[in-house]
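Okay, so here's the structure we're looking at.
The values are calculated or read from the model by the stated rules, or taken from the named source; none is laboratory data. Since we're looking at a predicted model, the values are computed, not measured. A quick note on method: Cβ atoms are made from the backbone with ideal geometry, for glycine too, and the neighbour counts reach across all protein chains shown. Only protein heavy atoms, including side chains, enter the accessible area calculation; ligands, DNA and RNA are left aside. Shrake-Rupley method; radii C 1.70, N 1.55, O 1.52, S 1.80 Å.
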Amino acid sequence: NESWLIGVQEIDAQHKNLVSLLNRLHQAMSEGKGKDVLGGILDSLVSYTRAHFSAEERMLEKSGYADLLEHKRQHVALTKKVLDFQQEFKAGGMVVSVDILQFLRTWLQSHILRTDAKYVPLLHSKGIR
């Protein structure tokens, strides 16, 4: 929803795509088709988070963001977690569950509303909206 917007158009658009992936997983799970779509969604999450994190980190580096290393650390941690989910799913050991969806949603919400929100004043001061 609109409360998740941080006011940086490029980043907001990327966040919307990430949320859309989670919404697709939720919809499929509610229809009993979670397992059918989980592999593709995990593939998309891995690919899209890498692209999004890279773009965000370049923007922050160019802007001189002081907490960039910590921000990158959080990106690496989520990417590893999603890669772990993906590997477990491909090995046949992952059951589609609300826990996976809840983890991803909670992480994304926390990251956007708390962690990403910290760099917004800097980007806005540089004219990036």
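What to note about this one:
- Entries of Lys72/Lys118; Lys33/Lys90; Lys80/Lys126; Lys16/Lys62; Lys16/Lys118; Lys35/Lys72 with Cα pairs more than 21 Å apart: Lys80/Lys126; Lys16/Lys62; Lys35/Lys72
- Neighbour net charge for Leu45 - beta-carbon separation under 15 angstrom, K R +1, D E -1: +4
- Computed 3J(HN,Hα) for segment 47-54, one whole-Hz value per residue from the Karplus formula 6.51 cos²θ - 1.76 cosθ + 1.60 where θ = phi - 60°, is 5, 6, 5, 4, 5, 5, 4, 4, glycine and proline marked x.
- Centre-to-centre, using Cα atoms only, segment 26-47 and segment 70-90 are separated by 17 Å.
- Protein accessible area in segment 21-129, 1.4 Å probe - carbon and sulfur %: 53 percent
- Placing unit charges on each Cβ (+1 for Lys and Arg, -1 for Asp and Glu) gives the chain a dipole about its Cα centre, and among Gly34, Ser110, His75 the Cα reaching farthest toward its positive end belongs to His75.
- Surface per residue (accessible, 1.4 Å probe) for the chain, Å²: 57 Å²
- Under a 5 Å amide H cut-off, with hydrogens placed 1.01 Å from N, Tyr65 pairs with nothing among residues at least 5 apart or on other chains.
- Net charge of Cβ neighbours under 13 Å - reference Gly64; Lys, Arg +1; Asp, Glu -1: 0
- Rounded to the nearest 20, the size of the Cβ-charge dipole of the chain about its Cα centre is 140 debye, with Lys and Arg at +1 and Asp and Glu at -1.
- Dipole magnitude of segment 1-68, debye to nearest 20 (Cβ charges: Lys/Arg +1, Asp/Glu -1, about Cα centre): 220 debye
- For Asp43, the solvent-accessible surface with a 1.4 Å probe is about 70 Å², rounded to the nearest 10.
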